[in-house]
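A quick write-up on the structure given underneath.
The values are calculated or read from the model by the stated rules, or taken from the named source; none is laboratory data. Small disclaimer: the values here were computed from a predicted structure and weren't measured. For neighbour counting, all protein chains shown are included, and Cβ atoms are generated from backbone atoms with ideal geometry for every residue, glycine included.
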Amino acid sequence: MAHGPLYRVGFRRRREGKTDYRRRLGLLKSGEARIVVRNSNSNVIVQFVNYNEAGDQVVASAEARELPKMGYPAAGSNTPSAYLAGRLAAVRAKEAGISTGVLDLGRAQPHKGGVIFSALKGVVDGGITVPAGDVFPTEERLRAEHLGTEKAAAFAASYERIVGSPLPPKAEKKPAKGKGAPPAKGAPAAAKQQQKPAKEKKAKTPE
């Protein structure tokens, strides 16, 4: 350990690896509420936090452990639970007058489609404006369809209880970009010729 009159002990949370103060400063400069998402092996916590000199103030929060009371018994640290926790936190944040925010990852190293971005998707769908790219899970995983029909039905019931309206239908998938679909079998030859213009034959000049 270093010693000397110029040595300064770092912040405790930095020494413990709990806070990245450089990243935190960048979030505070935005002036927006921080959307703090933390997950463990059995829970996902979503909090809307405002900065205060006396200490950060939690304005609204929700966690996956609340979901069994709302009809989703499979709550835990998984994609559907994180989405519902984020949706519930967004409802409470809007009641507190919050409409925008920035995601606070802490020291986590998330990956595309992970639990943290599942919670963020719930927040965004709840009407909170948050800058985010193409990082969200597929709609099938968010709706618990990969867990079976029983879990998907429980998810829909919990969603309706949280939001106050039924789960909307899935968005239609956009067709892949291309030059157009091939003609159906049995289509007349004229239809095929319309897709590819015929090559003009050069007229033969008399000898």
Got a number for residues in segment 73-108 being within 25 Å of H146 (Cα to Cα) and either free of Cβ contacts under 8 Å to residues at least 40 places away in the same chain or part of a loop (DSSP other than H, G, I, E, B) (or both)?
8
Among (1) at pLDDT 85 or above; (2) in contact with a helix residue (DSSP H, G or I) (Cβ under 8 Å, 6 or more places away or on another chain), the one test that Q57 misses
(2)
Restricting to segment 101-122, and then to whatever is crowded, with 18+ Cβ neighbours inside 10 Å and in contact with a Phe, Trp or Tyr (Cβ under 9 Å, 6 or more places away or on another chain), can you tell me which residue is nearest to V44 (Cα to Cα)?
A119
From the list A153, A171, exactly one residue is over 20 Å from G114 (Cα atoms) and within 17 Å of the chain's Cα centre (by Cα). Which is it?
A171
For segment 129-152, check the following and say yes or no: at least one residue is assigned to a helix (DSSP H, G or I), among the small types (G, A, S) and surrounded by fewer than 19 Cβ atoms within 10 Å (Cβ to Cβ).
yes
Evaluate segment 75-89: report whether one residue or more is closer than 15 Å to I162 by Cβ and at pLDDT below 90.
yes
